[in-house]
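S.K.: One structure, as structure tokens, below. Some questions next.
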Amino acid sequence: MARRSAPEINAGSMADIAFLLLIFFLVTTTMDVNKGIERRLPQKLPPNVAPPPKMQKRNLFIIDINAEDEMLVRGKEMKIGDLKEAAKAFVDNNRTGECSYCHGARDPASSDKPEKAVIALKTNRKTSYKFYLSVQNELGLAYKELRDTYAESVYGKGYADLSRSAKKSVREAYPMIISEAKPIENQ
Amino acid sequence: MSKFKRKTGGGTPVISTASLPDIVFMLLFFFMVATVMREVTYKVKIVVPSATDVRKITHRSLVSYIYVGKPLPRYKNLYGKEAVIQLNDVIAKPSDIPSFVASERSKKNEDDAALLTFSIKSDRDVTMGVISDVKDALREAQAYRVMYSARKGPIGDNLK
């Protein structure tokens, strides 16, 4: 007996079904990718602990941003474009000569060694967030470049390509110390 | 008795739509792969600032979001026009953040709770006042890992 071929299923509505699904996904999802600048907030000190000892002025890199998004770096006005180089020069300064891997100018008025170099960021409550983030970005880049240079000279490759333990040692060579004071109230 | 008889019942030939489902499915798969589900409905307007030193979030489950921005026009008379904080689907005060942190931590297991990062997804035009309130509240709740949401682009975009 001749076998009867199976009847063909009408696939005309397939497009409609796919369109329905497509529109559902268009409506419920967003394109935005989650990217950002990662930072660690400073630990909150318990109330009965003595405040940390006063730091030498040369080890402090004070960045003061006012309500008009103008920046004062170590008492001098500075444009955001110069901040990265200034921060690098400060961290890498190596006044004491203890830091064997630094390339700094050994300026007596600048930081002792990377472990001692503290960047203090002071803002005003009226400072705009985008300017603050730009400053954070430049500081992050300054450390990133210093770490990359160090990683290149010790391991022969960039920081991003290192193993986990090697990354840790690079981070310890150039620890990122950014302290943030409570913003000043605008009168 | 013309030799060239006009064809009867002419009209345009029918275009085959058999490959239409394939095309639509292709689009569908693209959108399924390239997009993510919306987490919440925004009640605030957010245009994140640009930065060059950005990192992509690798573990999406280990991130909670705090939204900061000015209320959308339709919520203006409800929440005013100053920048506010949004947690999940509600507008909140900085003092609500510690309990938000606790509830986000309780959703994760113990190991993951320690690694939880709070992403501050903020509009570029807010001032530091509200941001530092958020940061103080996070420190209060001992949530020290933060991420300032930004999109990749030259910082010159921020200064315009």
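The values are calculated or read from the model by the stated rules, or taken from the named source; none is laboratory data. All of these numbers come straight from a predicted model, not from anything done at the bench. For neighbour counting, all protein chains shown are included, and Cβ atoms are generated from backbone atoms with ideal geometry for every residue, glycine included. Note: areas computed on protein heavy atoms with side chains; ligands, DNA, RNA excluded. Shrake-Rupley method; radii C 1.70, N 1.55, O 1.52, S 1.80 Å.
S.K.: Please pick out the residue among A:TYR143, A:TYR174 that is more than 14 Å from chain B (Cβ to nearest Cβ), surrounded by 22 or more Cβ atoms within 10 Å (Cβ to Cβ) and not β-branched (Val, Ile, Thr). Quick ask: steps written out before the conclusion?
M.R.: Numbers: A:TYR143 fails: more than 14 Å from chain B (Cβ to nearest Cβ).
It is A:TYR174.
S.K.: Counting residues that are modelled with pLDDT of 90 or more, more than 10 Å from every other protein chain (Cβ to nearest Cβ) and crowded, with 20+ Cβ neighbours inside 10 Å, which helices (runs of 4 or more DSSP H) fully inside the range B:44-155 reach at least 1? Before you say what the answer is, go through the steps one by one.
M.R.: Details: elements: B:76-79, B:97-106, B:110-115, B:128-140.
Fully inside the range B:44-155 and qualifying: B:97-106, B:128-140.
S.K.: Same structure again: Out of A:ALA151, A:ALA120, A:ALA166, A:ALA160, which single residue is in a helix (DSSP H, G or I) and either among the aromatic types (Phe, Trp, Tyr) or closer than 28 Å to B:GLY156 by Cα (or both)?
M.R.: Working: A:ALA151 fails: either among the aromatic types (Phe, Trp, Tyr) or closer than 28 Å to B:GLY156 by Cα (or both); A:ALA120 fails: in a helix (DSSP H, G or I); A:ALA166 fails: either among the aromatic types (Phe, Trp, Tyr) or closer than 28 Å to B:GLY156 by Cα (or both).
Of the residues listed, the single one that is in a helix (DSSP H, G or I) and either among the aromatic types (Phe, Trp, Tyr) or closer than 28 Å to B:GLY156 by Cα (or both) is A:ALA160.
S.K.: Now for a different question. For the structure I just gave you, tell me whether A:ALA109 is free of Cβ contacts under 8 Å to residues at least 60 places away in the same chain, open to solvent by less than 10 Å² (accessible area, probe 1.4 Å) and out of contact with any Phe, Trp or Tyr (no Cβ under 7 Å at 6 or more places or on another chain).
M.R.: Against the criterion (free of Cβ contacts under 8 Å to residues at least 60 places away in the same chain, open to solvent by less than 10 Å² (accessible area, probe 1.4 Å) and out of contact with any Phe, Trp or Tyr (no Cβ under 7 Å at 6 or more places or on another chain)), A:ALA109 does not qualify.
S.K.: Something else now. Does A:TYR132 satisfy being within 14 Å of chain B (Cβ to nearest Cβ), over 26 Å from A:LYS167 (Cβ atoms) and crowded, with 18+ Cβ neighbours inside 10 Å?
M.R.: Numbers: within 14 Å of chain B (Cβ to nearest Cβ): yes; over 26 Å from A:LYS167 (Cβ atoms): yes; crowded, with 18+ Cβ neighbours inside 10 Å: yes.
Judged against the criteria, A:TYR132 is a match.
S.K.: Could you say whether any residue in the range A:83-103 is within 9 Å of another protein chain (Cβ to nearest Cβ) and of a type outside the set (Ser, Thr, Tyr)?
M.R.: no
S.K.: Which of the residues spanning the range B:23-43 are surrounded by 15 or more Cβ atoms within 10 Å (Cβ to Cβ) and not hydrophobic (A, V, I, L, M, F, W, C)?
M.R.: Of everything in the range B:23-43, those that are surrounded by 15 or more Cβ atoms within 10 Å (Cβ to Cβ) and not hydrophobic (A, V, I, L, M, F, W, C) turn out to be B:THR35, B:GLU39, B:TYR42, B:LYS43.
S.K.: Write out, first by first residue and then by second, each pair whose Cβ atoms fall under 6 Å of each other, whose residues are 6+ apart or on separate chains, and whose first residue, in the range A:77-90, is more than 12 Å from A:GLY104 (Cα to Cα) while the second is among the hydroxyl-bearing types (Ser, Thr, Tyr) and crowded, with 17+ Cβ neighbours inside 10 Å.
M.R.: If the second residue must be among the hydroxyl-bearing types (Ser, Thr, Tyr) and crowded, with 17+ Cβ neighbours inside 10 Å, the pairs left are A:ILE80/A:SER134.
S.K.: Tell me yes or no: at least one residue of the range A:94-110 is among the aromatic types (Phe, Trp, Tyr), at negative phi and within 17 Å of the chain's Cα centre (by Cα).
M.R.: Start the filter on the range A:94-110 by keeping residues that are among the aromatic types (Phe, Trp, Tyr), which leaves A:101.
Imposing the further condition that a residue be at negative phi reduces the set to A:101.
Imposing the further condition that a residue be within 17 Å of the chain's Cα centre (by Cα) reduces the set to none.
Within the range A:94-110, not a single residue is among the aromatic types (Phe, Trp, Tyr), at negative phi and within 17 Å of the chain's Cα centre (by Cα).
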